[in-house]
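K.L.:
Here you go, one structure.
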Amino acid sequence: MHVASYVSHPEFHKIRDGGLAGAIMLSGFYNPTAATVGEPEKAYFGTDPSVYAERSSLTGLLTTKLPLMIAAAELDPPPFHREFDLLKNAACEGAHGCPRSLILPQHSHMSEVYAIDTADTRLTDQILEFVKTGK
């Protein structure tokens with residue numbers, strides 16, 4: 001959520017595009033609403049639903065020109081799959097096209113990150129390709 005918020009809210013940037021060449025978001029939560037924010041998400045978005053729209057990352061992620069890579073884990077809780085689909089589908093319909101996106105089989109919310117620097121290179125291969133190609 002931190003990367004998505006930073007990329008999507010230029011008011012946080014001190015330099016153009018936040019000094020980024022692209023952004024990778026794993027198991028993200030992009031569009032908080034009163035119906036989707038549970039107790040864990042309140043740590044990021046607060047307890048006041050009236051500010052959720054302005055804290056959403058979705059609009060900014062759809063308008064950024066930065067290359068994006070999004071991923072979710074097969075065993076993520078359902079809200080992460082919903083958010084993944086929301087961002088992917090909206091981006092694919094937008095001016096900048098589909099982001100690099102993948103569902104990591106046999107992984108859970110944290111194991112996808114823990115697999116970095118192990119024999120399981122399904123995520124790191126994608127990251128390397130994203131960095132090399134910028135898409």
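K.L.:
Keeping all protein chains in the complex and leaving out DNA, RNA and ligands, what accessible area do you get for Tyr44 with a 1.4 Å probe, in Å² to the nearest 10?
P.N.:
The value for Tyr44 is about 110 Å².
K.L.:
Can I ask one more? Going by Cα centres, the stretch 77-122 and the stretch 13-51 are how many Å apart?
P.N.:
Value for the Cα centre distance between the two parts: 16 Å.
K.L.:
Once label points are set 7 Å from the Cα along Cα→Cβ at both His13 and Asp48, what is their separation, rounded to one decimal in nm?
P.N.:
Here the modelled spin labels are 2.7 nm apart.
K.L.:
Further question on the same structure: Just from its helices, what would the mean residue ellipticity at 222 nm be for the chain, if runs of 4 or more DSSP H residues each count -39500 (n - 2.57) and the sum is divided by every residue, rounded to the nearest 500 deg cm²/dmol?
P.N.:
For the chain, the value works out to -11000 deg cm²/dmol.
K.L.:
Computed FRET efficiency, Cβ-Cβ of Arg82 and Lys135, R0 22 Å: what is it to the nearest 0.05?
P.N.:
It comes to 0.35.
K.L.:
Sticking with this one: Accessible area, 1.4 Å probe, largest first: how do Met25, Met110 sort?
P.N.:
Heavy-atom accessible area, descending, gives Met110, Met25.
K.L.:
Build a GNM of the chain with springs between Cα atoms under 10 Å: which of Lys14, Lys88, Lys65 gets the top mean-square fluctuation?
P.N.:
Lys14
K.L.:
Additional query: Determine by what factor the alpha-carbon radius of gyration of the chain differs from 2.2 N^0.38 Å, reporting the quotient.
P.N.:
Working it through for the chain, the quotient is 1.04.
K.L.:
For Ala73, which sequence-distant residues (separation of 5 or more, or a different chain) have an amide H within less than 5 Å of its own amide H, given hydrogens modelled in the peptide plane?
P.N.:
Those lying under 5 Å, H to H, from Ala73 are Ser27, Leu104.
K.L.:
Follow-up. Can you give the accessible area per residue of the stretch 17-135, in Å², using a 1.4 Å probe?
P.N.:
55
K.L.:
Which order do His107, His81, His2 take when ranked by solvent-accessible area (1.4 Å probe, heavy atoms of all protein chains), largest first?
P.N.:
Ranked from most to least accessible, the order is His2, His81, His107.
K.L.:
Under 25 Å between C-alpha atoms is the cut-off here; go through the chain and count lysine pairs that meet it, provided they're at least eight residues apart or on different chains.
P.N.:
Eligible lysine pairs with Cα atoms under 25 Å apart amount to 8.
The values are calculated or read from the model by the stated rules, or taken from the named source; none is laboratory data. This one's a predicted model, so the numbers in the text were calculated from it and none came from an experiment. Cβ: placed from backbone, ideal geometry, glycine included. Neighbour counts: every protein chain shown. Side chains are part of the model used for accessible areas, which takes the heavy atoms of the whole protein and leaves out ligands, DNA and RNA. Shrake-Rupley method; radii C 1.70, N 1.55, O 1.52, S 1.80 Å.
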